[in-house]
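Notes to accompany the following structure.
The values are calculated or read from the model by the stated rules, or taken from the named source; none is laboratory data. This is a predicted model, so every value here is computed, not measured. When we count neighbours, we look across all protein chains shown, and the Cβ atoms used for this are built from the backbone with ideal geometry, even at glycine. These area figures cover heavy atoms from the full protein model, side chains too; ligands, DNA and RNA do not enter into them. Shrake-Rupley method; radii C 1.70, N 1.55, O 1.52, S 1.80 Å.
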Amino acid sequence: MSIRDIFPIDKWNFRSESVLTDLPPEVYELLMAHREERKYRKNEILFREGAFPSGIFYIVSGKVKKYKADKDGREQIVYLAHSGQLLGYHAVLSEERYPDTAAAIEDSTIAFISKEDFLRALDHSPLFTTRLLTALSHEFAVLVNNLTMFAQKTVRERLALQLIIVGEKFRIAGEEGMPVIIDLSREDLANLVGTARENVIRVLKEFKKEGLLETRGRKIIISDINRLVDIAGQP
């Protein structure tokens, strides 16, 4: 059974890797011709909020968080991205500074694509342009849903919802029906839910007692996705 049979995952998750799927070879080559790949260590910064963009980033492998930080340095994670996805193109398209900071959450390989190559590929492909506009529209809808979640849901409901979303986001293709395993620090999970680390640990213990999940170190193994859906308050 797919998660989509019991939960409207597309309201909460956007996948920008579909932007590059089956692009004409000449467009893909324009985009990737001069890319510069490098290894990023866990917690290493790709770009910082307020900086001017000189290009975009393509995640070859690994995972990245985008977040806002308050004056005390506390993070609010606004998005988690994984291999195949693009980052930073919003700022390039709007010709504005980066609105948030991006950092690797595990050792990752990430390619930098210059602004010039990115805009050149857009100029040569109406399909690429249309897909980016569709991705931006979907992303906006997801962010609106997230704002509503923070305003209306309890910590318990928000954590259940984020476990569903993160589990689906990082699921490997072809693993439908397999146990969902989430490998994310409690600090990052708390920053994603919008609460203190202690609250996340407490609610995870509750979920564990209720048989919804297991933990192995920092890994979370979902045992009862249907109950999580019930708690999250989704149809």
Practice prompt. Return a yes/no flag: does the stretch 163-170 have any residue that is open to solvent by 20 Å² or more (accessible area, probe 1.4 Å) and either out of contact with any helix residue (DSSP H, G or I) (no Cβ under 9 Å at 6 or more places or on another chain) or over 23 Å from residue 8 (Cβ atoms) (or both).
Written response: yes
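Quickly run through the stretch 106-115 and pick out the residues that are buried (at least 21 other Cβ atoms within 10 Å of the Cβ), within 18 Å of the chain's Cα centre (by Cα) and among the hydrophobic types (A, V, I, L, M, F, W, C).
Once the filter is applied, which keeps residues that are buried (at least 21 other Cβ atoms within 10 Å of the Cβ), within 18 Å of the chain's Cα centre (by Cα) and among the hydrophobic types (A, V, I, L, M, F, W, C), the stretch 106-115 yields only 110.
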Worksheet entry | Filtered residue count, the stretch 81-104, keeping only those that are under 19 Å from the mean Cα position of the chain (by Cα), open to solvent by 10 Å² or more (accessible area, probe 1.4 Å) and not small (Gly, Ala, Ser) | 6
Worksheet item: Within the stretch 52-74, can you find the residues that are open to solvent by 40 Å² or more (accessible area, probe 1.4 Å) and among the aliphatic types (A, V, I, L, M)?
Response: 60, 69
